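A.B. asks: Mind having a look at this structure? Questions to follow.
The values are calculated or read from the model by the stated rules, or taken from the named source; none is laboratory data. On a predicted model such as this, the values are computed, not experimentally measured, just so you know. Glycine also receives a Cβ, built like all others from the backbone with ideal geometry; neighbour counts cover every protein chain displayed. Accessible surface areas use protein heavy atoms only, side chains included; no ligands, DNA or RNA. Shrake-Rupley method; radii C 1.70, N 1.55, O 1.52, S 1.80 Å.
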Amino acid sequence: IVGPPAPTMWLRVVHTINPGTGEHVLTPFTSRDGSTWTRGGSWTLPAGAALKVGLISQGANATNAPQATASFDYFRVYRP
């Protein structure tokens, strides 16, 4: 979880390449309103790694909690 959960959430993952090492740096952001974003911790992957992107929903780790259910309106990958 990057930021506080809500019934509707936006997820953004920003990909950059470290110019000194060539490593891939992936930084997640979440939003509850599509305007205000909370930054999460970055992941670093080796230079030259083949990146793959997917979506998953997780939650309900408490005893007797309901299962997490998610639906995704859209998924888009683009280069600025």
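A.B. asks: Which Rg and Dmax, in Å, describe the Cα atoms of the chain?
C.D. replies: Cα only, the chain: 15.0, 48 Å (Rg, Dmax).
A.B. asks: Let me ask you something else. Just order 27-39, 43-55, 10-22 by mean Cβ neighbour count inside 10 Å, highest at the front, would you?
C.D. replies: Order by mean packing, descending: 27-39, 10-22, 43-55.
A.B. asks: At 1.4 Å probe radius, can you tell me the per residue accessible area of the chain in Å²?
C.D. replies: 86
A.B. asks: Hey, another quick one. Can you give me the distance in nm between label points at T21 and T69, each placed 7 Å from the Cα along the Cα-to-Cβ direction?
C.D. replies: 4.2
A.B. asks: What is the calculated FRET efficiency for Q58 to T8, with r their C-beta to C-beta distance and R₀ = 25 Å, to the nearest 0.05?
C.D. replies: My answer for the efficiency is 0.90.
A.B. asks: If you roll a 1.4 angstrom probe over the protein chains with everything in place, what fraction of the accessible area of the chain belongs to carbon and sulfur, to the nearest %?
C.D. replies: Carbon plus sulfur share of accessible area: 53 percent.
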